[in-house]
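See below for the structure under consideration.
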Amino acid sequence: MRNLYKMIFSLVLMLGMCFSSLAQNTGTIEKQLTEGKWINHQDGYIPNALGASDKTVRRYKTFEFKEENHSFSMDSIKQRFTGHWTIEGNKIILKFNPKNVDRLSKNTNPNSASGPYWVTSSVLDLGTRVGHISNDVLKFGNNAEYDCVHESGAVAGLRNFWEFTGFANVTSGHLLMMLIGIFFIFLAIKYDYEPLLLIPIGTGILIGNIPMFQAVDFNLKLGIYEPGSVMSYLYSGVLQGWYPPLIFLGIGAMTDFSSLISNPRLMILGAAAQIGIFVTFLGALYLGFAPPEAGAIGIIGGADGPTAIFLSSKLANGVNVMANGVTVKNLIGPIAIAAYSYMALVPVIQPPIINLLTTKKERLIKMKPPRAVSRLEKIMFPIIALLLTAYISPTSVPLLGMLFFGNLLKESTVTARLADTASNALINIITILLGISVGASTQADVFLTKDSMLIFGLGAASFVVATAGGVIFGKIMNWVSPKDRPINPMIGASGVSAVPDSARVVQVMGLENDPTNHLLMHAMAPNVSGVIGSAVAAGILLSFLM
């Protein structure tokens, strides 16, 4: 009997020691687990709100365990997941709570006004994970990508801060785009090349390429491609195409069509310069762009930034799905930047082409002064022009309707306040918003592509072809014109719709050849008709390619 008592006593003692050791081990694991934080650093997220990247970037995941209620939190790509933990022997069991997450995906509905992406919610359940601590590392089985190292709270905070800085997220693409933005600002200030456009666009490029933490299914609401951000709201005017009509309203309120009304035959030169649009369209098709994309690229040849933005927002918006099931590329940013860049460089691009295609004798031609235009003619012109162009190309009405409306406000003389608002405050505000948002859309991972480089090459070629087409047709018109009504072929170059820069180029070149030869009023006729012609061409392309 005594031996039996000894056996029972020994068994109880051994069990007690085991339980005591287990409790002590559990307490040690619990203390180690709840002190500081556990950091995991691995490859994982795509650094673009639209997921348009084939690269992933390293991220930090941070675990923090609470002792009082056995809860834990995990910050992953700046989203917080929570749950409860328990200890069974050496095993640490993590049970995650289901979490509602917002997911971003491309909006493939061209009739939706919600922007280029859908924001949808879904429930994400990470389930249960089982791990153990070994050499101050929290290991989760054989899956090393989940393993976490032990850090103090201060070190974890510094890592979190670093992950948000531009230094941690900068790429060579960001630096290149910043140099381009600074170059635009330099051209505007140093050489006075379209400063009202290039300074907002250049600043927008800097803003859009500030390196920041971005990830698929994660939204800081800072970047232009993140729904809900201020820049995204501003960019909606580009995506939905309502900035360009307002720009045209202001242009109409500032434009005097007298030179065109007094000499309507010069409208032919404005039409002739639009050859650049269709040559560029064919070139883009040859280089492999889809027809809608080629149409949007082709409009660069019209030398009209608002028209280029309007058409690309309809045809090359990254949303429309073609008949073959392929989604068109988003080329709004490259097309807009190319169009405005070459508009600003008109004083550099056009003079060599004009000199190459004209003789000294032709450049000295003096044209007959335009006749005086009555107030009735000025009032009737926007009405008749609106109806005529609308019937030819109804899809151009958003642009030309606003252009002629603005001109009617000016010429009626009874709506001076409205004309003043459209030609000053309104167009200045829209120019600022348009320039900033277009510039910001050149985010490096979206803008720096092979397509962008091709678009810039096609844009340069289109300006050359458009200028050459206008000059050559000006020579032809001069040959067939009566001797008492000659045409200086140089004014054909102003048929590109870079108003009024291309007309100023002709004026300057005319004065260089003969200080008494003033061509500005004559050049304005094909210049303003070029605006009308490029809008009509955009409407025709939209009708065929939409």
Query raised in the report: With Lys366, Lys410 as the choices, which residue is at pLDDT below 95, out of contact with any strand residue (DSSP E or B) (no Cβ under 7 Å at 6 or more places or on another chain) and of a type in the set (D, E, K, R)?
Result: Lys366
Requested in this report: Only one of these is modelled with pLDDT under 90 and more than 18 Å from the chain's Cα centre (by Cα): Asp217, Asp256. Name it.
Outcome: Asp217
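Per-residue answers, yes or no, for (1) of a type outside the set (A, V, I, L, M); (2) assigned to a helix (DSSP H, G or I); (3) more than 18 Å from Leu239 (Cβ to Cβ); (4) in contact with an Asp or Glu (Cβ under 6 Å, 6 or more places away or on another chain):
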{"position": "Leu400", "(1), (2), (3), (4)": "no, yes, yes, no"}
{"position": "Leu403", "(1), (2), (3), (4)": "no, yes, yes, no"}
{"position": "Gly406", "(1), (2), (3), (4)": "yes, yes, yes, no"}
{"position": "Lys410", "(1), (2), (3), (4)": "yes, yes, yes, no"}
{"position": "Thr413", "(1), (2), (3), (4)": "yes, no, yes, no"}
{"position": "Ala419", "(1), (2), (3), (4)": "no, yes, yes, no"}
{"position": "Leu426", "(1), (2), (3), (4)": "no, yes, yes, no"}
Requested in this report: For Leu387, work out the one condition from (1) in contact (Cβ under 8 Å) with a residue 12 or more places away in the chain; (2) over 23 Å from Asn209 (Cβ atoms); (3) among the aliphatic types (A, V, I, L, M) it doesn't fulfil.
Outcome: (1)
Requested in this report: Mind listing just one residue for me: the one in region 445-467 that is of a type in the set (A, V, I, L, M) and open to solvent by less than 10 Å² (accessible area, probe 1.4 Å) and, of those, nearest to the chain's Cα centre (by Cα)?
Outcome: Ile455
Query raised in the report: Name the residues in region 238-256 that are under 17 Å from Thr415 (Cβ atoms) and either assigned to a loop (DSSP other than H, G, I, E, B) or out of contact with any helix residue (DSSP H, G or I) (no Cβ under 8 Å at 6 or more places or on another chain) (or both), would you?
Result: Thr255, Asp256
Report summary line: Restricting attention to region 410-424, the residues that are open to solvent by 40 Å² or more (accessible area, probe 1.4 Å), under 12 Å from Gly252 (Cα atoms) and of a type in the set (D, E, K, R) number exactly 2
**Report entry** Scope region 357-371; condition closer than 11 Å to Met490 by Cα and either crowded, with 18+ Cβ neighbours inside 10 Å or without any contact (Cβ under 8 Å) to a residue 24 or more places away in the chain (or both); matching residues
**Finding:** Leu357, Thr358, Thr359, Glu362, Arg363, Ile365
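A quick yes/no check of all residues on (1) assigned to a helix (DSSP H, G or I); (2) free of Cβ contacts under 8 Å to residues at least 60 places away in the same chain:
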position	(1), (2)
Ile430	yes, no
Ser452	yes, no
Gly459	yes, no
Ser462	yes, no
Ala468	yes, no
Phe473	yes, no
Ile476	yes, yes
Pro486	no, no
Query raised in the report: Mind checking which residues of region 131-179 are surrounded by 13 or more Cβ atoms within 10 Å (Cβ to Cβ), over 39 Å from the mean Cα position of the chain (by Cα) and more than 16 Å from His41 (Cβ to Cβ)?
Result: Gly131, His132, Ile133
**Report entry** Test for Ser236: is it in contact (Cβ under 8 Å) with a residue 40 or more places away in the chain, open to solvent by less than 40 Å² (accessible area, probe 1.4 Å) and under 15 Å from the mean Cα position of the chain (by Cα)
**Finding:** yes
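The values are calculated or read from the model by the stated rules, or taken from the named source; none is laboratory data. Just so it is clear, the structure is predicted and the values come from calculations on it, not from any experiment. Backbone-built Cβ (ideal geometry, glycine too); neighbour counts: all protein chains shown. For the accessible areas, the whole protein counts, side chains as well, though only heavy atoms, and no ligand, DNA or RNA atoms are used. Shrake-Rupley method; radii C 1.70, N 1.55, O 1.52, S 1.80 Å.
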